[in-house]
Amino acid sequence: HLRVYVTEKTSRWNDYDGNAYHYSMIGYAFNQSVDIEAGDTWTQTSIWDAVEAGFGDATMDNVRLISAIFNGATQFADQAISTTPVAFTGAQRP
């Protein structure tokens, strides 16, 4: 199962002490089952629109993608990576 979490580096939400959370999830770019044989590769693109998702004030410099591929048998993540998006639809960069 592939999950690509769209997160904000510095969250819009705060803890009880008023400190911003970090890497809070604001959506999924992917959340789907995939079949990848050992040694194979899989390529797919996704368009996640911040405005459509209700986060139109999100900015590219504050968004981070965290991807994890989960083993169907164990439900543990076999691989994970974090990256910045290559394109972004939301608030303009300051």
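The values are calculated or read from the model by the stated rules, or taken from the named source; none is laboratory data. Please read all numbers here as calculations on a predicted model, not as lab measurements. Because the Cβ atoms are built from the backbone with ideal geometry, glycine has one as well, and the counts that use them run over all protein chains shown. For the accessible areas, the whole protein counts, side chains as well, though only heavy atoms, and no ligand, DNA or RNA atoms are used. Shrake-Rupley method; radii C 1.70, N 1.55, O 1.52, S 1.80 Å.
Before moving on, here are some points about what is shown:
- Of the strands (runs of 3 or more DSSP E) lying entirely inside the chain, those containing at least 1 residues that are in contact with an Asp or Glu (Cβ under 8 Å, 6 or more places away or on another chain), aromatic (Phe, Trp, Tyr) and open to solvent by 50 Å² or more (accessible area, probe 1.4 Å) span 20-32.
- Residue within segment 2-17 that is out of contact with any strand residue (DSSP E or B) (no Cβ under 8 Å at 6 or more places or on another chain) and modelled with pLDDT under 95 present: no
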